[in-house]
Amino acid sequence: MLKNIWKHRWDYPYLLPALGVMGLLIVYPFFYTIFLSFYDTPSSRPEIFFVGLDNYRELLRDETFLLVVKNTLIWSVFGTLCPFLVGFLAALLVNQKLPGLNFARGLMIVPYAMGFVPASHAWRWIFHGDFGVITGTLQYLGLIKDPIPFLQSPALIMPSLILVNTWKSFPFVMIMVYAGLQTIPESLYKAARVDGASAWSQFWEITVPQLSNVLMVTSMLMFISNMNQFTLIEIMTGGGPAYLSEIIVTWIYHSSFQTLRFGLASAASVLLFLVLIVFSIFYVRTLTRSAVQG
Amino acid sequence: MAEVSLKNIVKTYGDVRAVDDVSLHIHDKEFVTLVGPSGCGKTTTLHMIAGLIDLDGGHIFIGKRDVSELDPKDRDIAMVFQNYALYPHKSVRDNLLFPLRMRKIDKNTADQRINRAAKILSIEQLLDRKPKQLSGGQQQRVALGRAIVRDPAVFLMDEPLSNLDAKLRLQMRTEIKHLQQELQATMIYVTHDQIEAMTMSDRIAVMDKGKVQQFGTPDELFNHPNNVFVAGFIGNPPMNLIPAQIVSEGGDKKLRMGQITFAPQSARVHDLINKAVGDKVVVGLRNTAIHMVAAGTPSAINTQVYTVEPTGDVTYVQANIGDKMCTISSPDVAYRGRLGDPITLKLDENRLYLFDELTGKAIV
Ligand SMILES: Nc1ncnc2c1ncn2[C@@H]1O[C@H](COP(=O)(O)OP(=O)(O)OP(=O)(O)O)[C@@H](O)[C@H]1O
Ligand SMILES: [Mg+2]
């Protein structure tokens, strides 16, 4: 070990630029955020004041922030569950040996291949109350009179966002599950058929357990990326109206760069970090376990 | 009663006739082996019997039932797959339980059957392990166990021993044969190893290119091969097959093999020659039907040693007869001839086979 390090002593300087950039962009902000979370940062003055855990206390008492936490949970849970179910079913479908499925498989990947920014803009317009294609079509067909305010109504806003996320992310689940399905040996299904298992039993006794690692990893990845989903929400609703679609990441952004409460936003960041790190540890565990099991 | 009848079954994949008009009648409690080279349609035939592949033609009967259209689960068969196909996420016990659970057999009966199977196969101490934690031979036993807990009318086995090392294969060969007799079951067994087929089977179906070339007892196949293919496939070392031409010299019919002209002495061989349709034939001689004799023996063939292969209890000598390299059992195990040593060979005319070169069929 030491010998190896010594042998490669002249290689280390080459790492410095990369390490420097990482330090500047990741390590420094990380510790500075933790530091700031214990300070008050009044926007009117250049100084900052140590306040201990006050920022954390304020967050946990703030009704708006609690609403934001609730939104984040709804968004992350259903925004994972829905694409997951749709993607799983799509994978089972494209795994059938039916004509035309290659084309369908290609088509279904389009939403995933599209960037979040154009997709979010497109859906904002699709949902628009006055100019949106959904409202417009329904009105044209005479099915509704008044426009449907998808992104304004408290009842519709989260379901609408989750719908877009389902559309956007189900191909990811589909690809992962489809790849997983390919690795299940055909002979297991043959054995099960001889053993008397129905299609239903084959699904639950072979497909699901064989995919368990893929399912765990995929859902965890989805959950983590949903918690961090800034682009889609910021573009479609900006967290509004009245915090109805605000989630923790958008809230952090708004509190720091709009209301300039850096201390408070840092405290929220630290809390979000703690939650995510737990999931990440689970994720890495599952991943290494499945790698070990082959 | 679980006799199995295949009546003209056919399976085609595009242009390939994987199984081409196969008919076999397998008796109750019989051990029948399908043997043949890779790609000859053994697995396809077995999967058709199991109901895992649909028939393109023909019918399959198990007992008196026409099962051609039935699902695998309704055919009363159990199968051991070439790669075992154990359920990797289930313990050995759950693997054995699975077919019983799917058939809604009550817990007590199921436990009894699992314990009995585990005992027969001596895997009792492995029941709580996962398949990954087992050796190849142990996995193989579990796969057998999953088949026998069902107590099926017919066992189907697809090369169950091909993944085992030579020694274990020998041991499992005996065990499977014993098991079949103990369970009084009908067994259809697939292998590409003709020795496995010869040692285990009551009857063997030799397949090639999707067709059954011959169906008979090991003795019949060895001593009375229907055609060149069976003659060359059954037996180790394989039968020497020497292309020959029938020629007339002074009103006497002789066999010309390369530069050698062989004048048969026996009425039997003359009779066979007279029955040949064309003048092109193939002479078949087992390694034990060619004798090394003293130089100068009348109507013998002179040739030279190519190699000598001692195996312990037999020594094989390779030498050309005509243009064909032949294998001969040396009468003297200690014989160690060298390349080019002259030897004299006498053909055993009582055990000489003649095949039509064009059709490959045996002339009898
Ligand atoms: N699903 C399939 N699609 C197309 N061709 C197939 C398929 N399954 C088998 N075949 C072809 O049918 C023929 C018979 O195959 P089969 O698997 O029955 O051979 P086998 O005798 O079991 O050979 P092996 O000893 O290699 O297992 C082969 O030519 C094979 O290529
Ligand atoms: Mg095969």
Legend entry - Pairwise label distance in nanometres, A:VAL275 with B:ASN274, each label 7 Å out on the Cα-Cβ vector: 10.1 nm
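Please count, across segment B:240-356, the pairs of lysine residues with Cα atoms under 14 Å apart that sit 8 or more places apart or on different chains.
Details: B:LYS253/B:LYS275; B:LYS253/B:LYS280; B:LYS254/B:LYS275; B:LYS254/B:LYS280.
Close lysine pairs under the 14 Å cut-off: 4.
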Inset, instruction - Go through B:VAL212, B:ILE176, B:MET257 and say which Cα lies farthest out towards the positive end of the charge dipole of segment B:151-309; charges sit on Cβ, +1 for Lys and Arg, -1 for Asp and Glu. - result: B:MET257
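Between their Cα atoms, which of B:LYS73/B:LYS211; B:LYS177/B:LYS209; B:LYS7/B:LYS209; B:LYS29/B:LYS64; B:LYS29/B:LYS119; A:LYS97/B:LYS211 are more than 20 Å away from each other?
Details: B:LYS73/B:LYS211 27 Å; B:LYS177/B:LYS209 28 Å; B:LYS7/B:LYS209 18 Å; B:LYS29/B:LYS64 15 Å; B:LYS29/B:LYS119 22 Å; A:LYS97/B:LYS211 29 Å.
Violating the 20 Å Cα-Cα cut-off are B:LYS73/B:LYS211; B:LYS177/B:LYS209; B:LYS29/B:LYS119; A:LYS97/B:LYS211.
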Legend entry - segment A:68-80 - phi-based ³J(HN,Hα) in whole Hz, Karplus 6.51/-1.76/1.60, Gly and Pro as x: 5, 4, 4, 4, 4, 5, 4, 4, 6, 5, 6, x, 8
Inset, instruction - Could you tell me what fraction of 2.2 N^0.38 Å the Cα radius of gyration of segment B:283-364 comes to, as a two-decimal ratio? - result: 1.14
Legend entry - Segment B:GLU175-B:HIS25, extension gain: residue separation times 0.36 nm, minus the distance between their alpha carbons: 51.5 nm
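Based on the Cβ-Cβ distance from B:ARG351 to B:ASP94, what FRET efficiency comes out when R0 is 41 Å, to the nearest 0.05? Each step should come with its number before you reach the end.
Values: r = 55 Å, r/R0 = 1.34.
For R0 = 41 Å, the calculated efficiency reads 0.15.
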Inset, instruction - Could you check the simple spin-label distance between B:SER248 and B:LYS361, using points 7 Å along Cα→Cβ, in nm with one decimal? - result: 2.4 nm
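Where does the charge balance sit around A:ARG193 when Lys and Arg score +1, Asp and Glu -1, over other residues with C-beta under 12 Å from its C-beta? Provide the component values of the computation, followed by the final result.
Values: positive: A:LYS190, B:LYS73, B:ARG75; negative: A:GLU186, A:ASP195, A:GLU205, B:ASP71, B:ASP74.
Within the 12 Å Cβ shell, the charges total -2.
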Inset, instruction - Mind running the shape call on segment A:30-182? Use the C-alpha gyration tensor, a ≥ b ≥ c as the square roots of the eigenvalues: rounded below 1.5 for a/c, prolate if a/b tops b/c, oblate otherwise. - result: oblate
Legend entry - Tilt relative to chain B, helix B:107-120 - C-alpha long axis, 0 to 90 degrees, to 10: 30 degrees
Legend entry - Cα centroid of segment A:180-201 to Cα centroid of segment B:299-337, whole Å: 53 Å
Inset, instruction - Please provide three numbers in whole Å: the alpha-carbon extents of the protein assembly as shown along the principal axes, with the largest listed first. - result: 128, 72, 53
Inset, instruction - Rounded to the nearest Å, what's the spacing between the alpha carbon centres of segment B:274-288 and segment B:185-263? Just the number, please. - result: 12 Å
Legend entry - Distant-in-sequence amide H partners of B:ASP208 (H built 1.01 Å from N, under 5 Å): B:GLN213
Legend entry - Estimated inter-spin distance, A:ARG285 and B:LYS167, nm [label 7 Å along Cα→Cβ]: 4.3 nm
Inset, instruction - Provide the per-residue ³J(HN,Hα) series for segment B:42-53, in order, calculated from phi with Karplus coefficients 6.51, -1.76, 1.60 and θ = phi - 60°, each as a whole number of Hz, with x at glycine and proline positions. - result: 5, 4, 4, 4, 5, 5, 5, 5, 6, x, 7, 10
Inset, instruction - Can you tell me the FRET efficiency between B:THR297 and B:ASN223 if r is taken as the Cβ-Cβ distance and R0 is 35 Å, rounded to the nearest 0.05? - result: 0.85
Inset, instruction - Pop out the ³J(HN,Hα) list for segment B:203-216 in order, Karplus 6.51 cos²θ - 1.76 cosθ + 1.60 with θ = phi - 60°, rounded to Hz; leave Gly and Pro as x. - result: 9, 10, 10, 8, 10, 8, 6, x, 10, 7, 7, 6, 10, x
Inset, instruction - Just need log10 I(q)/I(0) for segment A:102-233 at q = 0.09, 0.11, 0.17 Å⁻¹, Debye formula, equal scatterers on the alpha-carbon atoms, no solvent, rounded to two decimals. - result: -0.43, -0.59, -0.97
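Can you check how the C-alpha radius of gyration of segment B:4-225 compares to 2.2 N^0.38 Å, as a plain ratio? Can you show the working numbers first?
Details: Rg = 17.2 Å, N = 222, 2.2 N^0.38 = 17.1 Å.
So the Cα radius of gyration is 1.00 times the expected 2.2 N^0.38 Å.
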Inset, instruction - Quick one: which residues, 5+ away or cross-chain, put their amide H under 5 Å from the amide H of B:ASN227? H built at 1.01 Å from N. - result: B:ALA362
Legend entry - FRET efficiency, 1/(1 + (r/R0)^6) with R0 51 Å, evaluated for A:ALA179 and A:ASN4 via beta carbons: 0.90
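For B:ARG116, what is the net charge nearby, where nearby means another residue's Cβ is under 11 Å from its Cβ and Lys, Arg count +1, Asp, Glu -1? Walk me through the numbers on the way to the answer.
Details: positive: B:ARG113, B:LYS119; negative: B:ASP111, B:GLU124, B:ASP151.
Net charge around B:ARG116: -1.
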Inset, instruction - Please say if chain A is rounded, prolate or oblate, where rounded means a/c under 1.5 for a ≥ b ≥ c the square roots of the C-alpha gyration tensor eigenvalues, and otherwise the choice is prolate for a/b larger than b/c and oblate otherwise? - result: oblate
Inset, instruction - Quick one: go through segment B:207-249 and flag any residue whose amide nitrogen is under 18 Å from the point 7 Å out along the Cα-to-Cβ line of B:THR199. - result: B:218-219, B:222, B:234-238
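Shape of segment B:152-252 from its Cα gyration tensor (a ≥ b ≥ c, root eigenvalues): rounded if a/c is under 1.5, otherwise prolate when a/b > b/c, or oblate?
On the way: a/c = 2.92, a/b = 2.31, b/c = 1.26.
It comes out prolate by the Cα gyration axes.
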Inset, instruction - Would you mind checking which residues have amide H under 5 Å from B:GLU30's amide H? H placed 1.01 Å from N; only 5 or more apart, or other chain. - result: B:MET187
Legend entry - Estimated 222 nm signal from helices in the protein assembly as shown, with DSSP H stretches of n ≥ 4 weighted -39500 (n - 2.57), rounded to 500: -14000 deg cm²/dmol
Inset, instruction - May I ask you to list the aspartates and glutamates whose Cα is less than 17 Å away from that of A:LYS145, ignoring any residue fewer than eight positions away on the same chain? - result: A:ASP130
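Report the Rg/Rh value for segment B:211-260, based on alpha-carbon coordinates and the Kirkwood definition of Rh. Could the numbers behind the result be given before it?
Details: Rg = 14.7 Å, Rh = 12.9 Å.
With Rh from the inverse mean 1/r over Cα pairs, Rg/Rh is 1.14.
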Legend entry - Alpha-carbon centroid distance for the pair segment A:240-294 / segment B:34-108, whole angstrom: 52 Å
Inset, instruction - Report Rg/Rh for segment A:164-294, rounded to two decimals, where Rg is the Cα radius of gyration and Rh the Kirkwood radius. - result: 1.15
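Values quoted throughout were computed directly from the atomic coordinates according to the rules given, and no laboratory measurement underlies them. Keep in mind that this is a model prediction, so the values were computed, not measured. Backbone-built Cβ (ideal geometry, glycine too); neighbour counts: all protein chains shown.
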